[in-house]
1. Can you find even one residue in the range 159-180 that is farther than 19 Å from I57 by Cβ, touching a Gly at 6+ places or on another chain (Cβ under 9 Å) and at pLDDT 95 or above?
2. Looking at (1) surrounded by 18 or more Cβ atoms within 10 Å (Cβ to Cβ); (2) more than 13 Å from G45 (Cα to Cα), which one does V107 not meet, given that it meets all the others?
3. Could you run through the range 23-49 and say how many residues are under 20 Å from the mean Cα position of the chain (by Cα), modelled with pLDDT under 95 and either surrounded by fewer than 18 Cβ atoms within 10 Å (Cβ to Cβ) or in the same structural domain as S192 (by TED's automatic domain parsing) (or both)?
4. Which residue out of K225, K242, K210 is within 30 Å of S312 (Cβ to Cβ), basic (K, R) and surrounded by fewer than 17 Cβ atoms within 10 Å (Cβ to Cβ)?
5. Scan the range 96-118 for residues that are assigned to a helix (DSSP H, G or I) and either of a type outside the set (G, A, S) or within 31 Å of the chain's Cα centre (by Cα) (or both) and jot them down.
6. I'm told L212 meets every condition in (1) modelled with pLDDT of 90 or more; (2) out of contact with any strand residue (DSSP E or B) (no Cβ under 7 Å at 6 or more places or on another chain); (3) farther than 22 Å from G50 by Cα except one. Can you identify the failing condition by its number?
7. Condition (residue is assigned by TED's automatic domain parsing to the domain that holds V331, of a type outside the set (A, V, I, L, M), more than 23 Å from G222 (Cβ to Cβ) and modelled with pLDDT under 90) applied to the range 306-314: is it met by at least one residue?
8. For G63, are the conditions met, namely being in the same structural domain as S111 (by TED's automatic domain parsing) and within 24 Å of the chain's Cα centre (by Cα)?
Amino acid sequence: MSYQSLYRTYRPKTFAEVEGQPQVTGPLAEQISSKKIGHAYLFSGSRGLGKTSVARILAREIGCTEKDLYEIDAASNNSVDDIRALSEGVYTMPFESPYKVYILDEVHMLSKSAWNAFLKTLEEPPEYVVFVLATTEIEKVPDTVQSRCQVFDFKKPTRAVLARVVSGVAKKEGYEIERGASELVAMLADGSYRDALSVLQRVLATAHDKSLSRDIVEETTGAPKREFVHSLVSAISGGSRKDALTVLERVRKSGADISLFLALLIEALRNTLLLRYAPELRDTILEEIGSDEGDILLEYAKDSSASRVTHSTLLAFLNASDRIRFSPIPVLPLELAILEIFPDV
């Protein structure tokens, strides 16, 4: 028996279980309650946000059973012949449900001729047919198609929401996970529920006991230690080129992913500057990054004429991120950024 992924195991089964998408689930639930079901929906958003899961919930809520639910991968079924076959099939009555629901995933991959063949069916399907189109690239979906659908945009969840999901799933699996660990998993997921649970699954597979620390997540994923990021920000803030270069050498010798370290550093510098110059965003930022991280960055954010944590510093590391993919020595662009920040030391 194969082991089912956490993402599939904990896929939401109801609208109430869907995290962070009230702008989608609320209107859909209201339509179902008032029996005003649309004939075509277009779900848009980046990968791993639950578009297909919500489409399945919609189908289930309007009484569509598995026999009358059709999921089509438009990336591999994107020809005009594929769409003509679909268009012919919609006129077959449902087996046992009031509706037949067609979920077309990655629908932006349809060819131009396929779109043209699909338009008439999409505009006037049989009354028992509901189409749900899902895409990660809505700009590639023709306007003529968008105008025939109810469009719903799925938003990337905040890190706090993702961390809460990770903590909840870990607990259901019988593990206790530190807040710092769940926040790191959320950060690595880059706004994707699916990726967050995939990272968590890797961590659970290597865990030696039922307690999950940030150190375990760092070790499993190859993420650089948070202390490295703080040490470099501290060295920059204190104006020490020597200390900053020493930290980079420690990061290099640790074998950490330099690109990921740079991403974490840029985020820390950005949040430090926002905490300093946009105090009205403080609560939002602290909720996003967590209190432990927030307390440290608040110290660096204190306005000081001697601090090297400035917009120029952030720009130097942003430029480093453009160069790192082409550098034969991954850490070199970061070292050059340090020398740019401290030209007179």
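1. Just the residues of the range 159-180 that are farther than 19 Å from I57 by Cβ, to begin with: 159-160, 162-164, 166-167, 170-180.
Then drop every residue that is not touching a Gly at 6+ places or on another chain (Cβ under 9 Å), which leaves 159-160, 162-163, 179-180.
From what's left, at pLDDT 95 or above: none.
No, the range 159-180 contains no residue that is farther than 19 Å from I57 by Cβ, touching a Gly at 6+ places or on another chain (Cβ under 9 Å) and at pLDDT 95 or above.
2. (2)
3. 2
4. Values: K225 fails: surrounded by fewer than 17 Cβ atoms within 10 Å (Cβ to Cβ); K210 fails: within 30 Å of S312 (Cβ to Cβ).
Step by step, each of K225, K242, K210 is checked, and only K242 is within 30 Å of S312 (Cβ to Cβ), basic (K, R) and surrounded by fewer than 17 Cβ atoms within 10 Å (Cβ to Cβ).
5. First pass over the range 96-118, keeping only residues assigned to a helix (DSSP H, G or I): 107-109, 112-118.
The answer is V107, H108, M109, K112, A114, W115, N116, F118.
6. (2)
7. So the first thing to find is which residues in the range 306-314 are assigned by TED's automatic domain parsing to the domain that holds V331, and the list is 306-314.
So of that shortlist, the ones also of a type outside the set (A, V, I, L, M) come out as 307-308, 310-313.
Adding the requirement that they be more than 23 Å from G222 (Cβ to Cβ) leaves 307-308, 310-313.
Remaining after also requiring modelled with pLDDT under 90: 307-308.
Taking every residue of the range 306-314 in turn, at least one turns out to be assigned by TED's automatic domain parsing to the domain that holds V331, of a type outside the set (A, V, I, L, M), more than 23 Å from G222 (Cβ to Cβ) and modelled with pLDDT under 90.
8. Numbers: in the same structural domain as S111 (by TED's automatic domain parsing): yes; within 24 Å of the chain's Cα centre (by Cα): no.
No, not satisfied.
The values are calculated or read from the model by the stated rules, or taken from the named source; none is laboratory data. Keep in mind that this is a model prediction, so the values were computed, not measured. Because the Cβ atoms are built from the backbone with ideal geometry, glycine has one as well, and the counts that use them run over all protein chains shown.
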